[in-house]
1. Pick from segment 116-139 the residues that are within 19 Å of the chain's Cα centre (by Cα) and open to solvent by 100 Å² or more (accessible area, probe 1.4 Å): which of them is nearest to residue 77 (Cα to Cα)?
2. Only one of (1) farther than 29 Å from residue 84 by Cα; (2) of a type in the set (Ser, Thr, Tyr); (3) exposed (fewer than 15 other Cβ atoms within 10 Å of the Cβ) is not met by residue 179, so which one is it?
3. Provide a single number: the residues in segment 53-73 that are out of contact with any Pro (no Cβ under 8 Å at 6 or more places or on another chain) and closer than 27 Å to residue 163 by Cα.
4. Given the criterion open to solvent by 70 Å² or more (accessible area, probe 1.4 Å) and under 30 Å from residue 202 (Cβ atoms), identify the matching residue among 142, 166.
5. Would you be able to tell me the number of residues in segment 132-168 that are more than 16 Å from residue 56 (Cβ to Cβ) and not in a helix (DSSP H, G or I)?
6. Has segment 103-114 got any residue that is outside any helix (DSSP H, G or I), free of Cβ contacts under 8 Å to residues at least 40 places away in the same chain and at negative phi?
7. Among the listed residues 164, 197, 176, identify the single one that is in contact with a strand residue (DSSP E or B) (Cβ under 6 Å, 6 or more places away or on another chain) and either over 15 Å from residue 54 (Cα atoms) or free of Cβ contacts under 8 Å to residues at least 24 places away in the same chain (or both).
8. Please work out if residue 155 is modelled with pLDDT under 90, aliphatic (A, V, I, L, M) and over 25 Å from the mean Cα position of the chain (by Cα).
Amino acid sequence: MFPSYFRTMALLQPFVCAFLGSAVAQVPPAPPAPAPPPALPSAQNLTVMVVDYQALLQNSKAAKMVRSQIEGKRGEYTKEISHQEEVLRAERDALQRQQASLSPEALNQKGRDFQQKVNELERNVQGKRQALEKSNGDALQRIQEQMLKIIADIAKQRKANLVFQRADLVLFDQGFDVTDEVLQKLDEEMPALTVNFVAPTPPPSASASSPPAAGAGGPAAANPKAKKK
């Protein structure tokens, strides 16, 4: 005779096997393996194009026309600024000759007025430089947009899936270079370009940008106390 606990284990064995069997049956199936990523094009399937970006911005008709207009406007600004500098030099020389005949207060006041004119000329020069840079940048951006459109069209025709800038490459087959083709189409589609010059805006002076001191022209100074009755 088996001991009682052996009989109990023997009686429980069918129930344990049935429970384990049902538990195993209830385990959800493993999720399907993810689909493999799309295969990258092999070297045999690559079609490459190379473009000399800087050469297009130097040699295209539109770019040359932009440079000519920018240089003309720069010469105009230079002539104007040179005239203002001559006026200031003459005023400085006159002020130096008056040092002996002016009182210290009057000399200081004239010196402050002269320095204000110098600062104004410096702001004027800075405003003209910024206007030229923006005008040139806007014109070149229009050329670049047309260039990219032409490059995209050629890449579509050749079924090219990679386009490199010549400056980023050391050695390559010259047969990949399409710069001349892009230049020809660019000159045909954009033979001329007129620069939209931005009006110079001198930056504000330090005194104009800083808030007025309290009691010196501020709201408190503009509202005197009412007289007592």
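The values are calculated or read from the model by the stated rules, or taken from the named source; none is laboratory data. All figures in this text were calculated on a predicted structure; none of them were measured in a lab. Backbone-built Cβ (ideal geometry, glycine too); neighbour counts: all protein chains shown. When the accessible area is computed, the model is the full protein with side chains, heavy atoms only, and any ligands, DNA or RNA have been set aside. Shrake-Rupley method; radii C 1.70, N 1.55, O 1.52, S 1.80 Å.
1. Quick first cut of segment 116-139, residues within 19 Å of the chain's Cα centre (by Cα) only: 129-139.
The next check asks that each one be open to solvent by 100 Å² or more (accessible area, probe 1.4 Å); those that pass are 129, 133-134.
Values: 129: 9, 133: 13, 134: 15 Å.
Selected residue: 129.
2. Result: residue 179 passes all but (3).
3. So the first thing to find is which residues in segment 53-73 are out of contact with any Pro (no Cβ under 8 Å at 6 or more places or on another chain), and the list is 53-60, 63-73.
When the remaining residues are screened for being closer than 27 Å to residue 163 by Cα, the result is 53-60, 63-64, 66.
The number of residues fulfilling the criteria is 11.
4. Working: 166 fails: under 30 Å from residue 202 (Cβ atoms).
142 is the lone residue from the list that is open to solvent by 70 Å² or more (accessible area, probe 1.4 Å) and under 30 Å from residue 202 (Cβ atoms).
5. So the answer is 4.
6. Taking segment 103-114 first, the residues outside any helix (DSSP H, G or I) are 103.
From the residues that got through so far, the ones that are free of Cβ contacts under 8 Å to residues at least 40 places away in the same chain too are 103.
Then drop every residue that is not at negative phi, which leaves 103.
Yes: one or more hits.
7. Numbers: 164 fails: either over 15 Å from residue 54 (Cα atoms) or free of Cβ contacts under 8 Å to residues at least 24 places away in the same chain (or both); 197 fails: in contact with a strand residue (DSSP E or B) (Cβ under 6 Å, 6 or more places away or on another chain).
Of 164, 197, 176, the one residue that is in contact with a strand residue (DSSP E or B) (Cβ under 6 Å, 6 or more places away or on another chain) and either over 15 Å from residue 54 (Cα atoms) or free of Cβ contacts under 8 Å to residues at least 24 places away in the same chain (or both) is 176.
8. Working: modelled with pLDDT under 90: no; aliphatic (A, V, I, L, M): yes; over 25 Å from the mean Cα position of the chain (by Cα): yes.
No: the conditions fail for residue 155.
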